[in-house]
Amino acid sequence: MTYTVKDNCVKALILLCLASILFWLIMMNQVILYVHPRFIILLQISDVLFFLMLLAQCMHLKNSLKQNIPLQEDVAIKSHNFGKAQYKLFFYYVTFIFTLAVALFIPSTSLDSKLIENKGLNNNISDKFKSDISAPLDNFQDTKFIKISDKNYVDTIQNLYCHPADYIGKNVEITGFAYIDPTTKRVSIARYVISCCIADASAVGLSIDAGAENNLVAGHWYEMQGIISTVSYKKDISPVLKVTWSNEIKKPLFTYIFVQTT
Amino acid sequence: MWQSLLNFKMIFLSILIDALPFILISVIVSSFLHNFISEKLIQKVLPKNKIYSILLACFLGVIFPICDCGTVPIVKKLIQKGVPTYSAIAFMLAAPIMNPLVIFSTFYAFNSWEIALVRVTTAFFVAYIAAWIISKSFKKTVLKNEFITSEHDSLCCGHTHSTLPTTFIGKWLAFFYDASNEFFEMGRFLVFGSFLSTIAQLCIPHATLLNIGHNPFFSVIAMILFAFLISVCSSADAFIAASFISSFSTESLIAFTVFGPMIDIKNTLMLLHTFRTNFVLFLITIVFLLTFLGSYIMTNLF
């Protein structure tokens, strides 16, 4: 088999694998383990493009074999001193082969809670956000019970951190995984918030006070209720959920909170 | 260990999947221009006046949205066909950033038109001033061998050329064949960049990142160096930059997204192959200094 034929075959094979994996991710709705759902339409277009490129590669291979062009091109390769063409072929495509191996042989999952040590907790509730949010959410002013769901997760926690005094005494229900800060040993219930892909995931959570005899395990999922109070930390007043009831639950299938852009 | 590997897979693939549509659209548009729009047409519309010539070259990316992976051979050909060096360099620096695809992908990655605008204006600032300085500093040819004609055999650009028939369907298959080859040419750098970015996310502790990221001077230099090393395509680098949004200053992210598409490892090697070494070193130095300066000016301006 000549260099040119091998090159075409490798390209066609890689395109077939990429198109199939992408098709499977979209069909099985696994793609939202990696990216925001708004990308699905773009990824469907990408899959069609992969199939068209695969078709073009196959047609080119067929025609070049018919016209005996591979042999002519191999003569050109030799005249260009590409003696190590086989090694070149391998190193040219090794990144794609690596990607396919990672996609096929390592199972998909959600990000681990320990990754918060690299990403930080509540980074996006920074000074920038605090200055943007000038007033508490209206719909929480008159209510005594607040259920923090997927839809209001980011808004509610941002408001809690920006206006903790307005929430004192309110009953709050939250679901998320437990995170224990390795240095301060403070316990939080957190979720990963995604704006584009999970590489930009930021952890957003609420500090909790589960009492001295709590048996929360880092990374395990809990739903809990409690009363909001405040605590002073580094000249800042932060909200704390004093837990009145908690229940360990099974890790949900889709664990992320997706930021709505529209 | 196993959990770290799982995290690696998820972050690595998420960066790739996120960038995939933009890479593919970029290679499709690039292939369309390669197959259906001639360089002669571009040369014809370039004005004789230096100011207008550089201006037009800077904005040529709007209708000629080429990735930085493919600019060096085109710039070489443009100079050989009589386009002034400064205009060709302005096009090479600006086109990978000042084009609709990259502007849209920047908006998509950061979810902010403001960041996209700052990126584009900084790129324009760098490309225009760099081209102006080059016009004053280099009067003679900067090509290594100006008498070499534009030879383009079947293997000089690393891939075989289409043997598909010249029928209507054949032309479209040739179009997708070129797009496919360009995808493989650019894709490997995207994969390698995503790999490095994932390693950085998993290995660099948050506290260390915050220390570098909060230092206004070192964060910009660190991100410029990072952009040079990872050599990511301009339509995908915004997604990598966005993953650092919580740890690095806006100036450093702008510097990352401006410097990377202009100068990186892969196009430096192509530049050194095509242009004189003193010219390439001069170009890299002024682009570095202007990016550093421009990222501060533009970020604080908007």
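Backbone geometry of the stretch A:159-167 corresponds, through the Karplus equation with coefficients 6.51, -1.76 and 1.60 at θ = phi - 60°, to 3J(HN,Hα) couplings of 5, 4, 6, 7, 10, x, 4, 6, 10 Hz, x marking Gly and Pro. Net charge in the neighbourhood of residue B:54 (other residues with Cβ under 14 Å of its Cβ; Lys, Arg +1, Asp, Glu -1) is +3.
For the cross-link pairs B:48/B:81; A:6/B:9; A:66/B:81; B:44/B:76; A:6/B:76, the ones whose C-alpha atoms lie over 25 Å apart are A:6/B:9; A:66/B:81; A:6/B:76. Averaged over peptide A:36-47, the number of partner chain Cβ atoms lying within 10 Å of each residue's Cβ comes to 3.
In this calculation the C-beta distance from residue B:4 to residue B:52 is compared with R0 = 51 Å, giving a FRET efficiency of 0.40. Mean per-residue shielding of peptide B:182-190 is 4, counting Cβ atoms of other chains within 10 Å of each Cβ.
Structure note, pairs A:170/A:250; A:114/A:185; A:114/A:144: Cα-Cα distances above 24 angstrom occur for A:170/A:250; A:114/A:144. Under a 5 Å amide H cut-off, with hydrogens placed 1.01 Å from N, residue A:254 pairs with nothing among residues at least 5 apart or on other chains. Across peptide A:16-28, the mean count of Cβ atoms from other chains lying within 10 Å of each residue's own Cβ comes to 1.
Maximal additional length on extending the residue B:202-residue B:80 stretch stands at 39.3 nm, based on 0.36 nm per residue less the C-alpha distance.
Among residues other than residue B:254 with Cβ under 15 Å from its Cβ, the summed charge is -2 (Lys and Arg +1, Asp and Glu -1).
Rule-based calculations on the coordinates, nothing more; no lab input. Just so you know, these numbers come straight off a predicted model, no measurement behind them. Every residue, glycine among them, receives a Cβ derived from its backbone with ideal geometry; neighbour counts consider all protein chains shown.
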